[in-house]
Amino acid sequence: MRYALSLPSGGECADPRILAEFARVAEAAGWDAVLLEDYVTYTNDNYHSLPGHPTHDPWIALAAMATQTASIRLGTCVTPLSRWRPWHLARVTASLDHLSGGRLILGVGLGDINDEAFTHFGEETDPRQRAELLDEGLDILTGLWSGEPFSFAGKHYRVEETTFLPPPVQRPRIPIWVGGWVGTRPVLRRAARYDGICAYKVADTSGWSDFTPEDLTTLRSAIKRQRTHDGAFDIVIGGRERAQDWDAERDLIRSLADAGATWWHEWVPAADQQRMRREIERGPLRVSVAPPGSRDADSL
């Protein structure tokens, strides 16, 4: 089990210089990755901009973070690919992979349905159209990352034959994690094509709920049925603040690790700098897991 820390790209501490310092602190505290939200404007749970909450570009922040760290993984959770030109994101991500020495993770998804970054700027708001843009964008992204001559003709995008150089440091590609609700078949289908899933489930109208080991078994089986290639596959679970009962939290993380989860994802919400630093410095809730050979989480 590895441990990712998720930080906001908005709020008083979203300045790239502060986030770069937080990444340095996270690396020293033993976290395995720092992931940033990818928003245009920082929003509340209803996806309305929060007055007095500035937003900074997460990719500029990630570049700053890369220069202040040496080993911790860096990435997004998640980037709504439908509001990008795929070739622009291909260039940004390849450049950042070089700057970081091959430490980038790209999380992708449809984006929050009512996010003002879509509704207020003329972006596509229909989920089906966003899904089509996402799938075509991923095909273009991975094709350009190959460093080989590439062309594409789809419903939404067209690329005349071109060669993007340099390709990313990581081969065969920068890891792609697909984010989304596991009750949605297209999310599972899309994730199975790539390198991991940032999974969440909705229990009822009250919102997200924690996975159980039984949920993980079902999820792994569903992904395995749709995998068409070999290779490691990450299951990223969590995405919320740390519970107050750390012993119970460790028990949950241990049970999910034994069931096949490969990353525990902990969220640190926007707050004052001292509070956020304290929550990063305390480090991850590492647990012992089943011995090697007793499970096969990475390969499903």
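Residues in segment 52-74 that are among the hydroxyl-bearing types (Ser, Thr, Tyr) and in a loop (DSSP other than H, G, I, E, B): how many? I'd like the intermediate steps shown before the answer.
The initial filter retains those residues of segment 52-74 that are among the hydroxyl-bearing types (Ser, Thr, Tyr), namely 55, 67, 69, 71.
Of the ones still in play, those that are also in a loop (DSSP other than H, G, I, E, B) are 69, 71.
Residues in segment 52-74 being among the hydroxyl-bearing types (Ser, Thr, Tyr) and in a loop (DSSP other than H, G, I, E, B): 2 in total.
Determine whether segment 40-48 contains at least one residue that is farther than 23 Å from residue 139 by Cα, crowded, with 18+ Cβ neighbours inside 10 Å, hydroxyl-bearing (Ser, Thr, Tyr) and at pLDDT 90 or above.
Checked against the condition, which is being farther than 23 Å from residue 139 by Cα, crowded, with 18+ Cβ neighbours inside 10 Å, hydroxyl-bearing (Ser, Thr, Tyr) and at pLDDT 90 or above, segment 40-48 yields no hits at all.
Provide a single number: the residues in segment 153-186 that are closer than 19 Å to residue 107 by Cβ, out of contact with any His (no Cβ under 8 Å at 6 or more places or on another chain) and of a type in the set (Val, Ile, Thr).
Qualifying residue count, segment 153-186: 5.
In segment 156-171, what residues are of a type outside the set (A, V, I, L, M, F, W, C) and either over 21 Å from residue 75 (Cα atoms) or modelled with pLDDT under 95 (or both)? Break it down stepwise before answering.
Taking segment 156-171 and keeping what is of a type outside the set (A, V, I, L, M, F, W, C), we get 156-158, 160-163, 166-168, 170-171.
Of everything in segment 156-171, those that are of a type outside the set (A, V, I, L, M, F, W, C) and either over 21 Å from residue 75 (Cα atoms) or modelled with pLDDT under 95 (or both) turn out to be 156, 157, 158, 160, 161, 162, 163.
Please tell me if residue 93 is more than 19 Å from the chain's Cα centre (by Cα), among the polar types (S, T, N, Q) and under 22 Å from residue 22 (Cα atoms). Steps first, answer last, please.
Details: more than 19 Å from the chain's Cα centre (by Cα): no; among the polar types (S, T, N, Q): yes; under 22 Å from residue 22 (Cα atoms): yes.
Judged against the criteria, residue 93 is not a match.
Out of 107, 111, which single residue is on the phi < 0 side of the Ramachandran plot and touching a strand residue (DSSP E or B) at 6+ places or on another chain (Cβ under 6 Å)?
Working: 111 fails: on the phi < 0 side of the Ramachandran plot.
Testing whether each residue is on the phi < 0 side of the Ramachandran plot and touching a strand residue (DSSP E or B) at 6+ places or on another chain (Cβ under 6 Å) leaves just 107.
Mind counting the residues in segment 130-155 that are within 30 Å of residue 236 (Cα to Cα), over 20 Å from the mean Cα position of the chain (by Cα) and either at pLDDT below 95 or surrounded by fewer than 18 Cβ atoms within 10 Å (Cβ to Cβ) (or both)?
2
Return the residue satisfying two criteria in turn: it lies in segment 75-129 and is free of Cβ contacts under 8 Å to residues at least 60 places away in the same chain, charged (D, E, K, R) and in a helix (DSSP H, G or I), and of such residues it is surrounded by the most Cβ atoms within 10 Å (Cβ to Cβ).
Here the answer is 83.
List every residue pair whose Cβ atoms lie under 6 Å apart, where the two residues are 6 or more positions apart in sequence or sit on different chains, the first residue falls within segment 178-190 and is in a loop (DSSP other than H, G, I, E, B), and the second residue, located anywhere, is among the small types (Gly, Ala, Ser).
These pairs meet every condition: 182/199.
For segment 151-172, which positions are in contact with a strand residue (DSSP E or B) (Cβ under 9 Å, 6 or more places away or on another chain) and of a type outside the set (S, T, N, Q)? Talk me through it step by step, then tell me what you get.
Taking segment 151-172 and keeping what is in contact with a strand residue (DSSP E or B) (Cβ under 9 Å, 6 or more places away or on another chain), we get 151-153, 158-164, 168-170.
Hits for segment 151-172 are 152, 153, 158, 159, 160, 161, 164, 168, 169.
Looking at (1) surrounded by fewer than 19 Cβ atoms within 10 Å (Cβ to Cβ); (2) at pLDDT 95 or above; (3) touching a Lys or Arg at 6+ places or on another chain (Cβ under 8 Å), which is the one condition that is false for residue 228?
Every condition holds for residue 228 apart from (2).
Taking segment 246-286 as the region of interest, how many residues are over 22 Å from residue 232 (Cβ atoms) and in a strand (DSSP E or B)? Can you show your working first?
Residues of segment 246-286 that are over 22 Å from residue 232 (Cβ atoms), as a first pass: 246-252, 267-283, 285.
The next check asks that each one be in a strand (DSSP E or B); those that pass are 267.
Residues in segment 246-286 being over 22 Å from residue 232 (Cβ atoms) and in a strand (DSSP E or B): 1 in total.
Consider residue 200 carefully, then state whether it is among the aromatic types (Phe, Trp, Tyr) and over 29 Å from residue 100 (Cα atoms).
Numbers: among the aromatic types (Phe, Trp, Tyr): yes; over 29 Å from residue 100 (Cα atoms): no.
No.
Of all residues in segment 147-171, which are free of Cβ contacts under 8 Å to residues at least 24 places away in the same chain and not in a strand (DSSP E or B)? Walk me through it before giving the result.
Residues of segment 147-171 that are free of Cβ contacts under 8 Å to residues at least 24 places away in the same chain, as a first pass: 147-155, 158, 160-163, 165, 171.
Within segment 147-171, 147, 148, 149, 154, 155, 163, 165, 171 qualify.
The values are calculated or read from the model by the stated rules, or taken from the named source; none is laboratory data. From a predicted model like this one, the values you see are computed outputs, not experimental measurements. Here the Cβ is made from the backbone with ideal geometry for all residues, glycine too, and neighbour counts use every protein chain on show.
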